[in-house]
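A short worksheet on the structure shown next.
The values are calculated or read from the model by the stated rules, or taken from the named source; none is laboratory data. As the structure is a computational prediction, the values presented were derived from the model and not from experiment. A quick note on method: Cβ atoms are made from the backbone with ideal geometry, for glycine too, and the neighbour counts reach across all protein chains shown.
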Amino acid sequence: MTTPPPVVTPRREGRLLIVVCPWCQHEHVHGGGESPGDGDGHRVADCFGDNPGYVIREDRIASQIAEAVARRNRQSEQRAELAAARDRGLAARHQTKLNHPPRT
Ligand SMILES: [Zn+2]
(Lines give C-alpha, C1' and ligand atoms only; values in the text may rest on other atoms or scores of the structure.)
Protein backbone atom coordinates (compact mmCIF):
# COMPACT_ATOMS: atom_id res chain seq x y z
CA MET A 1 0.00 0.00 0.00
CA THR A 2 1.55 3.27 -1.04
CA THR A 3 -0.22 6.35 0.24
CA PRO A 4 1.27 9.65 -0.89
CA PRO A 5 2.41 11.71 2.10
CA PRO A 6 -0.08 14.45 2.98
CA VAL A 7 0.91 18.09 2.77
CA VAL A 8 0.88 19.99 6.06
CA THR A 9 1.10 23.72 6.71
CA PRO A 10 3.38 24.48 9.66
CA ARG A 11 3.31 27.34 12.13
CA ARG A 12 6.63 29.19 12.28
CA GLU A 13 8.21 30.22 15.58
CA GLY A 14 11.52 31.85 14.79
CA ARG A 15 13.64 29.17 13.13
CA LEU A 16 11.28 26.35 14.09
CA LEU A 17 8.32 24.92 12.26
CA ILE A 18 5.54 23.34 14.30
CA VAL A 19 3.19 20.97 12.52
CA VAL A 20 0.17 19.07 13.76
CA CYS A 21 1.06 15.56 12.64
CA PRO A 22 -1.66 14.06 10.42
CA TRP A 23 -0.75 10.60 11.77
CA CYS A 24 -0.67 11.03 15.54
CA GLN A 25 -2.40 14.45 15.84
CA HIS A 26 0.39 15.70 18.08
CA GLU A 27 2.65 18.64 17.36
CA HIS A 28 6.07 17.88 15.90
CA VAL A 29 8.84 20.48 15.75
CA HIS A 30 11.23 20.74 12.81
CA GLY A 31 14.04 23.09 11.91
CA GLY A 32 12.70 25.67 9.52
CA GLY A 33 15.78 27.61 8.51
CA GLU A 34 15.97 31.37 8.27
CA SER A 35 13.21 32.28 5.85
CA PRO A 36 9.72 31.03 5.07
CA GLY A 37 10.05 28.08 2.70
CA ASP A 38 13.53 27.03 3.89
CA GLY A 39 12.08 24.09 5.80
CA ASP A 40 9.77 22.85 3.07
CA GLY A 41 9.98 19.22 2.04
CA HIS A 42 9.25 15.65 3.02
CA ARG A 43 9.70 14.63 6.65
CA VAL A 44 9.56 11.22 8.25
CA ALA A 45 7.05 10.75 11.05
CA ASP A 46 8.11 7.74 13.10
CA CYS A 47 5.43 8.36 15.71
CA PHE A 48 2.62 6.19 14.44
CA GLY A 49 3.19 2.81 12.85
CA ASP A 50 4.24 2.57 9.26
CA ASN A 51 3.28 5.87 7.66
CA PRO A 52 4.62 7.80 4.68
CA GLY A 53 5.42 10.88 6.76
CA TYR A 54 4.33 14.24 5.44
CA VAL A 55 5.38 17.09 3.25
CA ILE A 56 5.88 20.46 4.89
CA ARG A 57 4.81 23.39 2.78
CA GLU A 58 5.03 26.66 4.59
CA ASP A 59 2.53 29.40 3.85
CA ARG A 60 5.03 32.15 3.10
CA ILE A 61 2.54 34.99 3.36
CA ALA A 62 1.14 33.74 6.69
CA SER A 63 4.65 33.31 8.09
CA GLN A 64 5.72 36.75 6.94
CA ILE A 65 2.65 38.28 8.57
CA ALA A 66 3.26 36.32 11.78
CA GLU A 67 6.90 37.46 11.85
CA ALA A 68 5.88 41.08 11.23
CA VAL A 69 3.31 40.94 14.03
CA ALA A 70 5.85 39.36 16.42
CA ARG A 71 8.37 42.06 15.50
CA ARG A 72 5.81 44.81 16.12
CA ASN A 73 4.84 43.26 19.45
CA ARG A 74 8.51 43.21 20.50
CA GLN A 75 8.87 46.87 19.50
CA SER A 76 5.79 47.98 21.42
CA GLU A 77 7.01 46.00 24.46
CA GLN A 78 10.31 47.86 24.23
CA ARG A 79 8.47 51.17 23.94
CA ALA A 80 6.36 50.31 26.98
CA GLU A 81 9.52 49.44 28.94
CA LEU A 82 11.15 52.72 27.92
CA ALA A 83 8.02 54.65 28.92
CA ALA A 84 7.91 52.84 32.28
CA ALA A 85 11.61 53.57 32.86
CA ARG A 86 11.04 57.22 31.96
CA ASP A 87 8.09 57.41 34.35
CA ARG A 88 10.19 55.84 37.11
CA GLY A 89 12.90 58.41 36.41
CA LEU A 90 10.42 61.28 36.58
CA ALA A 91 8.94 59.89 39.79
CA ALA A 92 12.41 59.54 41.31
CA ARG A 93 13.29 63.15 40.42
CA HIS A 94 9.97 64.31 41.81
CA GLN A 95 10.65 62.37 44.99
CA THR A 96 14.08 64.01 45.31
CA LYS A 97 12.53 67.48 45.07
CA LEU A 98 10.01 66.60 47.77
CA ASN A 99 12.75 65.31 50.06
CA HIS A 100 14.93 68.34 49.47
CA PRO A 101 12.65 71.34 49.11
CA PRO A 102 14.39 74.48 47.91
CA ARG A 103 15.37 76.83 50.75
CA THR A 104 13.31 79.98 51.03
ZN1 LIG B 1 3.16 12.19 14.59
When you look at residue 75, is it touching a residue at least 24 places away in the same chain (Cβ under 8 Å), out of contact with any strand residue (DSSP E or B) (no Cβ under 8 Å at 6 or more places or on another chain) and away from the ligand (no atom under 16 Å from the Cβ), yes or no? no
Has the stretch 39-46 got at least one residue that is at pLDDT below 95 and in contact with a Cys (Cβ under 6 Å, 6 or more places away or on another chain)? yes
Do you know which residues across the stretch 34-44 are of a type in the set (Asp, Glu) and within 15 Å of residue 5 (Cβ to Cβ)? 40
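Let's see how each residue does on (1) out of contact with any Leu (no Cβ under 9 Å at 6 or more places or on another chain); (2) among the small types (Gly, Ala, Ser); (3) more than 30 Å from residue 4 (Cα to Cα):
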{"site": "19", "(1), (2), (3)": "yes, no, no"}
{"site": "46", "(1), (2), (3)": "yes, no, no"}
{"site": "56", "(1), (2), (3)": "no, no, no"}
{"site": "60", "(1), (2), (3)": "yes, no, no"}
{"site": "70", "(1), (2), (3)": "yes, yes, yes"}
{"site": "82", "(1), (2), (3)": "yes, no, yes"}
{"site": "88", "(1), (2), (3)": "yes, no, yes"}
Working only within the stretch 44-89, note down all residues that are farther than 18 Å from residue 26 by Cα and polar (S, T, N, Q). 63, 64, 73, 75, 76, 78
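Can you tell me which residue among 56, 65 is β-branched (Val, Ile, Thr) and free of Cβ contacts under 8 Å to residues at least 12 places away in the same chain?
Criteria check complete, one pass: 65.
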